[in-house]
Each structure stands twice: as structure tokens, then as C-alpha cells.
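A short write-up of the structure that comes next.
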Amino acid sequence: FFSITENLIGKGGCNEVYKGVLEDGKAVAVKILKSSGKEAVKDFVQEVSIISSLSHQNISPLIGVCVQYDELISVYNLSSRGSLEETLQGKHVLAWEERFKIAIGLGEALDYLHNQCSNPVIHRDVKSSNVLLSDELEPQLSDFGLSMWGSKSCLYTIQRDVVGTFGYLAPEYFMYGKVSDKVDVYAFGVVLLELISGRTTISSDSPRGQESLVMWAKPIIEKGAAKELLDPNISGTFVEAQFQKMVLAAKHCLTRAATHRPNIREILKLLNGEDEVEKWLKKLGEDDDCFDDEVYPNSNKELHLSLAMLDIEDNDSISVGSLERSNNSLFSSSPSQELQP
């Protein structure tokens, strides 16, 4: 059971999430989809189909589903520590080793989705508010409402409707609707920057040109002053080698062109120390100034940021939404299309 008014813990788009308690006393998160139209039902069925096929320690499991009074309901474990976003912006300051542990766990969840499932899965909404933390600070990736099945044979698919959260959208997806597992890798890079800096992805209080976490961090990394990124609230043991690996991983994840962006398994090898840092530094030099049709021009970066700032002004929290593109020439005429390699 759950109280409609007192236990609301999240809201976005057509969804509301409540804290609930099962008969055995187990605390759960109850996600209610308010819309029951054909598209909503189709999306709900796909979400349940995907999440029920997954089993990984760093992915929040589905407990059950229910359809009642035209409402589509799914039930998940309730995170005892809340989300990574809440923790980073809250009073408890994560130690460096805790941040690095969270980065590895989230990376392993994405590696599982992209490379270990019988059918690859693209999450499409990787962000700190969708990373839940246990008492032991084990991360669990949650909210598969925007997830979709990936393809083993195609480079990417084209989606007419771009969905996700401002600040985490890969440029090729935002500008051209191109979807592959690389959009999750880009978003993972943004989360790495959040873990390193403690900053939010979009901040209206920051100086002009620094409102976006990515736009603020990239010039700092490129001028070799990565230490300026470090959250000043971090205290205790600080592992320099881990810090350098995480900064390097973030930079590679945020490569503008998806064709030059590493996959998540390569990023995990870097973070885990399986690959030499020198190899990745050399790769940076080779990939510098790589431009192709996936890289958006500066004017469209500003458009992306302006839309994000509008979203902040309208709503204290950036909610998931679907963006109808007015310029349909960027997209195929069909809802989705696959490109063969």
C-alpha cells in the first residue's frame, strides 16, 4: 500500500513514482504511468519486456506489474540511499574511492546491457538521477522507460522522436536522431564528470558559457588542468591514478563523433587499468579535430543549451520528455530506420 499524497518521491512526463510498502514490510518504489493510450501501452509493454529479461547486480530489478483503473503500474526495489544525483547534491560527501566504485559499477551495468545480453539493450536515459545507491553505495541503473532493443548487425537506427534528458544527450542523437549504444557511452561520460566535480549537468547560476557541465569541463581538460575539475568537498584518500583514468575516460566518452567514441567495454578496460594510459593519450592525439556529419556546429550547441535552460526555468528538475523535431528533413520519414554496416 502507499499514500498518494505523502509518499510521492518522483515525477516526470507521464509518470509518477511513490514509496510503497508490501504486505511483508518490504519498501518498494511504485511507478505509475498515467496515460493509457496505445503508444503508452506499447511503451509500457516494451519497458517490462526489456527489464524483465535483465539480471545484473548493478541493474534495479523489476518486482512486478499491475494494470488498474487505466493506470499502468510497475514495482521496483526502493533504494535506501536515493539516487546518485541526490547524494552528490546532498549533505553526505562521497569519498573518492566511493565515486570510483560507483563509476565502475555503472560501467559494468552498461557493458552488460550492450555486450552480454542475448539481445543488446540501449538505455537512452543514463543520468545520475537514474543511478540508485544501496546502503553499501552499490550503484543500480534504473528507469528503463526509454530503453530500446539494440541491434547486433546495424551501426545505428534513426529515431524521429528524440527522448532523454538535456545535458546527457549525445550530439548525433540530438541533432540527427541517430541511436546506438554510443549514446549511453556519451551519457556515461557526463556522469563521470558529475562524480569528479560534484556539479550538476546544467546550472543557471554558472557564468555565461559555463552553464553546461560538459562545456565547462572540456576546455579545462584540454588545457591540462584536470585538477580544477575536482570536487572541493572531497576529503580523505585521493588516488591520483584513478583520477587521471576517470578524467581520460570522460574525455573519450564525450568524443563528439560517435564513430570515434569508444564502446563501454573499452572504457571499462581503461578504468580498470587493463589498458595502458599512454595508449589512450596517444588515441586522443589521433582523434583530435575529428569531424564528420555527426558533429553539431557551435550554433546548435547553443540551441541545445538554450533549450536546457528553458527546461530548468519551467521545472526545478529536468524531466524526461519527447522532443518533436520541427525540421523533419534531419530524419527519415518512418519512425525508425536501420543502417547496415
(request) Using Cα centres only, tell me the gap between segment 63-118 and segment 143-165 in whole Å. (result) 19
(request) Based on other C-beta atoms within 10 Å, arrange Cys66, Cys14 from fewest to most. (result) Cys66, Cys14
(request) Would you mind getting me the FRET efficiency between Thr259 and Glu23? Use the beta-carbon distance for r and R0 = 41 Å, nearest 0.05. (result) 0.20
(message) I'd like to compare 225-234, 243-252: which one has the highest average count of other Cβ atoms within 10 Å, and what's the full order after that?
(response) 243-252, 225-234
(request) Please report, to one decimal in angstroms, the Kirkwood hydrodynamic radius of segment 8-77 built from all distinct Cα-Cα pairs. (result) 12.7
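From the square roots a ≥ b ≥ c of the eigenvalues of the alpha-carbon gyration tensor of segment 81-227, which class results: rounded (a/c under 1.5), prolate (a/b over b/c), or oblate?
oblate
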(message) Starting from the 7 Å offset along Cα-to-Cβ, what nm value, one decimal, do you get for the label separation of Ser52 and Asn7?
(response) 2.3
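Laboratory data are not the source of any read-out in this text; all were calculated from the coordinates shown. Note that the structure is a prediction, hence the values are computed from the model and not measured. Backbone-built Cβ (ideal geometry, glycine too); neighbour counts: all protein chains shown.
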